[in-house]
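Where a number appears in this text, it was derived from the coordinates with a stated rule and is not lab data. Keep in mind the model is a prediction, meaning the values are calculated, not measured. Note: ideal-geometry Cβ built from the backbone for every residue, glycine included; neighbour counts use all protein chains shown.
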Amino acid sequence: MKESNNWFEFAKEDLIVAHASLEKGVYNQVCFHAHQGAEKMLKGYLAAKGKDVPKTHFIGVLLKLCAKVEQEFKEMINVCIKLDDYYIPTRYPDALPGILAEGMPEKDDAEEAISILEEVMDFVTKKGEDYG
């Protein structure tokens, strides 16, 4: 259980960094850390359930793995899949043009990304009493 709690603690730090980046107007980093936080929450859930933690950064893949443990995770796929769009273009300045159709994230994208992360955190936390 200790390992899974580390995932959750790191996810909480991503949320803190996302909020700080939002305050400074660094929207690409808000979206990146929101993605990272959601990824870590889902990996923490898998670890807490005794499942292997895959070496992937795709939220969609992680949600499908979580849904194999608990079907309700399927409900989160449409909400969270947008975070996958942010992983590459917000991390690398030479990412392929056009990955994000609208260009780099703006304030409303960043706020939505934080909202999605908080929703994932709440959802995962409600699934377990010993973590979150």
- Query: If Tyr45 satisfies every condition in (1) free of Cβ contacts under 8 Å to residues at least 24 places away in the same chain; (2) under 14 Å from the mean Cα position of the chain (by Cα) but one, which is the exception?
  - Reply: (1)
- If Phe10 satisfies every condition in (1) surrounded by 21 or more Cβ atoms within 10 Å (Cβ to Cβ); (2) within 19 Å of Gly128 (Cβ to Cβ); (3) aromatic (Phe, Trp, Tyr) but one, which is the exception? (1)
- Quick one: which residue in Lys40, Lys68, Lys74, Lys64 is assigned to a helix (DSSP H, G or I), among the basic types (Lys, Arg) and in contact (Cβ under 8 Å) with a residue 24 or more places away in the chain? Lys40
